């Protein structure tokens, strides 16, 4: 039965228009070529940007003016020496001694390994806990994400050339979704060019007329692009696309340990190309909430704990489903030593 004839799903698909739902493939309304030619996708883009700017105005006091201007102009900002040497050494020591739950996902030839920084992971690790609860840190992330709701925090390691296979799809420049979102990296080690630094197309966060036209044309055919990601709402942009939008070449953001980078991942970004065996480790933050809310929300601790609990339950469910098929989940458990060796 074709999706369009699943009558019981229509209320869900319609309600998804007012959420962060983005898949042109899974939702026949979001992916409708006719509706998108009439401007559905671009209406969602414009409304989401308008509400994001309202929330940025309400949260402007959380980031210094010069940094805000850089963030809005370039799509990212960097804060060198956010952590001092002593704090960095203490955090690295606590991470190195970690023996709890670690999960891994492999895309192409790259492995992403993560420790969710929930209550259990922070227990008995005062330096890491202090860093994640630092008011300046949370304030900067709140402005970057245009929401006061606390972001998800992880210790993350990116391992390049982890296995033989196809190229890492995250190394193609892409926008995460149709609305402004935030990711941040607090680097625990120096990141050089050969380590595959976070890479950004400077200024691609802004909705220029060229970007508007490019995104409109892409939305009309997105459900059938077939690159594995664009049809799910994360548009890929090659060199010819960036040129058509009048954008510069991607820029690898090398950084010293202790540097904080905050980015609007509605702009085009990706992982930098790296030699096999190169890796980087960081405190990684992720924030994505309802793009059409006009209020920034609240940084409530109980909400964060609830989100952690839901995420753990989701992971365990995926583990069970995969085990029943003699397989393993996309985000599967690994030994902590395999991440922190």
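The values are calculated or read from the model by the stated rules, or taken from the named source; none is laboratory data. Predicted, not measured: the structure shown is a model, and the values here were computed from it. Positions of Cβ are backbone-derived with ideal geometry, glycine not excepted, and every protein chain shown enters the neighbour counts.
Remarks
- Verdict on residue 149 being farther than 24 Å from residue 20 by Cβ and touching a residue at least 12 places away in the same chain (Cβ under 8 Å): no
- Subset of segment 266-275 (residues that are farther than 30 Å from residue 120 by Cβ and outside any loop (DSSP other than H, G, I, E, B)): 269, 270, 274
For (1) assigned to a loop (DSSP other than H, G, I, E, B); (2) at pLDDT below 95; (3) at positive phi; (4) surrounded by fewer than 18 Cβ atoms within 10 Å (Cβ to Cβ), each residue gets a yes or a no:
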{"site": "282", "(1), (2), (3), (4)": "no, no, no, no"}
{"site": "285", "(1), (2), (3), (4)": "no, no, no, no"}
{"site": "292", "(1), (2), (3), (4)": "yes, no, no, yes"}
{"site": "297", "(1), (2), (3), (4)": "yes, yes, yes, yes"}
{"site": "307", "(1), (2), (3), (4)": "no, no, no, yes"}
{"site": "310", "(1), (2), (3), (4)": "no, no, no, yes"}
{"site": "316", "(1), (2), (3), (4)": "no, no, no, yes"}
{"site": "330", "(1), (2), (3), (4)": "yes, no, no, yes"}
{"site": "338", "(1), (2), (3), (4)": "no, yes, no, yes"}
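- Subset of segment 21-37 that is touching a helix residue (DSSP H, G or I) at 6+ places or on another chain (Cβ under 6 Å) and not in a loop (DSSP other than H, G, I, E, B) - its residue that is farthest from residue 222 (Cα to Cα): 37
- Unique residue being touching a strand residue (DSSP E or B) at 6+ places or on another chain (Cβ under 8 Å) and either at pLDDT 95 or above or part of a loop (DSSP other than H, G, I, E, B) (or both) when the list is 202, 206: 202
- Filter pass, residue 221 being in contact (Cβ under 8 Å) with a residue 60 or more places away in the chain and either crowded, with 23+ Cβ neighbours inside 10 Å or on the phi > 0 side of the Ramachandran plot (or both): no
- Hits in segment 82-91 (condition: in contact with a strand residue (DSSP E or B) (Cβ under 9 Å, 6 or more places away or on another chain), over 25 Å from residue 250 (Cβ atoms) and in a loop (DSSP other than H, G, I, E, B)): 83
- Which listed residue is modelled with pLDDT of 95 or more and surrounded by fewer than 17 Cβ atoms within 10 Å (Cβ to Cβ), from 69, 113, 104: 69
- Qualifying residue in segment 134-144 (condition: in contact with a strand residue (DSSP E or B) (Cβ under 7 Å, 6 or more places away or on another chain), surrounded by fewer than 20 Cβ atoms within 10 Å (Cβ to Cβ) and not in a loop (DSSP other than H, G, I, E, B)): no
- Candidates 278, 237, 255: the one that is buried (at least 16 other Cβ atoms within 10 Å of the Cβ), under 29 Å from residue 127 (Cβ atoms) and modelled with pLDDT of 95 or more is 255.
- In the set 170, 156, only one residue is at pLDDT below 95, touching a strand residue (DSSP E or B) at 6+ places or on another chain (Cβ under 9 Å) and not in a loop (DSSP other than H, G, I, E, B); that residue is 170.
- Top-ranked residue in segment 92-121 [being under 22 Å from the mean Cα position of the chain (by Cα) and in a loop (DSSP other than H, G, I, E, B); ranked as nearest to residue 195 (Cα to Cα)]: 109
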